[in-house]
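**Q** Supplied in structure tokens, the structure appears directly below.
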Amino acid sequence: LLTIGIDKYPRLRGLGELQFAEADARGMGEVLDRLYGFDVIPLCGPAASKEAIKGTLKRLGGELGDGDVLVVFFAGHGIVIPTSDGNQAGYLIPADADLDTNDFRDSERWAAQALDMHQLSEDINRMGARHVLFIADACCSGFMMNRGALARADLKTFLFQKSRAVLTATTQ
């Protein structure tokens, strides 16, 4: 279980601090450890930098195999911004992001500073773990999945084949 919680963003302009993201991440870790025996990797507050999050996900993606389950819980800010080509990009914002949420002119800066939701989805799909669940408690987190992207399957499919799921707090 990778728990990520960010209340304070010292270099983020345009969005306020959060009150319970770090407590929620710690609580999720405590419950899944106590009730289900998950090994918990907490990244809270300043420790939840972009480099730490991406590095931990990459390491877990390579270490975990077909008999493993990975749950990722992210509580923090998320945003969808317009891109220069008329599309949109969705980002989860790490603790060290140096961004102004009222300035979307430099899409390369956003890509360098924040966690691209579509890239996270692709990374999750490539992981070696049998089951991966990504829980995103952030505004605009529904951008991670296209509506209706999950096909219907029976329980046998979920038990014996690889599965990937994203649970989001909001729509796009």
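The values are calculated or read from the model by the stated rules, or taken from the named source; none is laboratory data. Only a predicted model underlies this, so the values are computations on that prediction, with no experimental measurement involved. Cβ: placed from backbone, ideal geometry, glycine included. Neighbour counts: every protein chain shown. Remember, those area values only see protein heavy atoms, side chains included, never the ligands or the DNA or RNA. Shrake-Rupley method; radii C 1.70, N 1.55, O 1.52, S 1.80 Å.
**Q** In region 19-68, which residues are out of contact with any helix residue (DSSP H, G or I) (no Cβ under 7 Å at 6 or more places or on another chain) and of a type in the set (Asp, Glu)?
**A** Selection gives 24, 30, 33, 39, 51, 63, 66, 68.
**Q** Checking the structure you have, find out if any residue of region 12-19 is outside any helix (DSSP H, G or I), among the acidic types (Asp, Glu) and touching a Lys or Arg at 6+ places or on another chain (Cβ under 8 Å). First the steps, then the outcome.
**A** Within region 12-19, the first condition is being outside any helix (DSSP H, G or I), and the residues that meet it are 12-19.
Add one more test, that the residue is among the acidic types (Asp, Glu), and what stays is 17.
Remaining after also requiring touching a Lys or Arg at 6+ places or on another chain (Cβ under 8 Å): 17.
Yes; the residues of region 12-19 include at least one that is outside any helix (DSSP H, G or I), among the acidic types (Asp, Glu) and touching a Lys or Arg at 6+ places or on another chain (Cβ under 8 Å).
**Q** Quick check on residue 112: is it over 14 Å from the mean Cα position of the chain (by Cα), hydrophobic (A, V, I, L, M, F, W, C) and farther than 22 Å from residue 26 by Cα?
**A** Numbers: over 14 Å from the mean Cα position of the chain (by Cα): yes; hydrophobic (A, V, I, L, M, F, W, C): yes; farther than 22 Å from residue 26 by Cα: yes.
Yes.
**Q** Test of understanding: among 89, 75, 95, 111, which residue is at pLDDT 95 or above and farther than 17 Å from residue 135 by Cα? Show your work before the answer.
**A** Numbers: 89 fails: at pLDDT 95 or above; 75 fails: farther than 17 Å from residue 135 by Cα; 111 fails: at pLDDT 95 or above.
Step by step, each of 89, 75, 95, 111 is checked, and only 95 is at pLDDT 95 or above and farther than 17 Å from residue 135 by Cα.
**Q** Could you please tell me which pairs satisfy a Cβ distance under 6 Å, a separation of 6+ or placement on different chains, a first residue in region 92-106 that is touching a residue at least 12 places away in the same chain (Cβ under 8 Å) and assigned to a strand (DSSP E or B), and a second residue that is surrounded by fewer than 24 Cβ atoms within 10 Å (Cβ to Cβ) and of a type in the set (S, T, N, Q)?
**A** 99/113
**Q** Give the residue that is farthest from residue 72 (Cα to Cα), with candidates limited to residues of region 131-144 that are modelled with pLDDT of 90 or more and open to solvent by 50 Å² or more (accessible area, probe 1.4 Å).
**A** Here the answer is 137.
**Q** Does residue 75 qualify as being within 12 Å of residue 114 (Cα to Cα) and either of a type outside the set (Val, Ile, Thr) or open to solvent by 60 Å² or more (accessible area, probe 1.4 Å) (or both)? Full working, then the answer.
**A** On the way: within 12 Å of residue 114 (Cα to Cα): no; either of a type outside the set (Val, Ile, Thr) or open to solvent by 60 Å² or more (accessible area, probe 1.4 Å) (or both): yes.
For residue 75, the condition - within 12 Å of residue 114 (Cα to Cα) and either of a type outside the set (Val, Ile, Thr) or open to solvent by 60 Å² or more (accessible area, probe 1.4 Å) (or both) - is not met.
**Q** Quick check, is residue 41 closer than 14 Å to residue 1 by Cα, touching a Ser or Thr at 6+ places or on another chain (Cβ under 9 Å) and modelled with pLDDT of 95 or more? I'd like the intermediate steps shown before the answer.
**A** Values: closer than 14 Å to residue 1 by Cα: yes; touching a Ser or Thr at 6+ places or on another chain (Cβ under 9 Å): yes; modelled with pLDDT of 95 or more: yes.
When the stated conditions are applied, residue 41 passes them.
**Q** Continuing with the same structure: For the condition among the hydroxyl-bearing types (Ser, Thr, Tyr) and part of a loop (DSSP other than H, G, I, E, B), what is the one hit in 84, 121?
**A** 84
**Q** Considering only region 107-118, state which residues are open to solvent by 10 Å² or more (accessible area, probe 1.4 Å), in a helix (DSSP H, G or I) and not hydroxyl-bearing (Ser, Thr, Tyr).
**A** Within region 107-118, 108, 109, 111, 112, 113, 118 qualify.
**Q** Pull up region 39-69, narrow it to residues that are open to solvent by less than 40 Å² (accessible area, probe 1.4 Å) and part of a strand (DSSP E or B), then point me to the one that is farthest from residue 162 (Cα to Cα).
**A** So the residue we want is 44.
**Q** Tell me which residues, restricted to region 18-38, are in contact with an Asp or Glu (Cβ under 6 Å, 6 or more places away or on another chain) and open to solvent by 50 Å² or more (accessible area, probe 1.4 Å). Working first, answer last.
**A** Let us first name the residues in region 18-38 that are in contact with an Asp or Glu (Cβ under 6 Å, 6 or more places away or on another chain), namely 18, 21-22.
The answer is 18, and nothing else.
**Q** Would you check if residue 15 is closer than 21 Å to residue 109 by Cα, surrounded by 14 or more Cβ atoms within 10 Å (Cβ to Cβ) and aliphatic (A, V, I, L, M)?
**A** On the way: closer than 21 Å to residue 109 by Cα: yes; surrounded by 14 or more Cβ atoms within 10 Å (Cβ to Cβ): yes; aliphatic (A, V, I, L, M): yes.
Taking the combined requirement at face value, the residue satisfies it.
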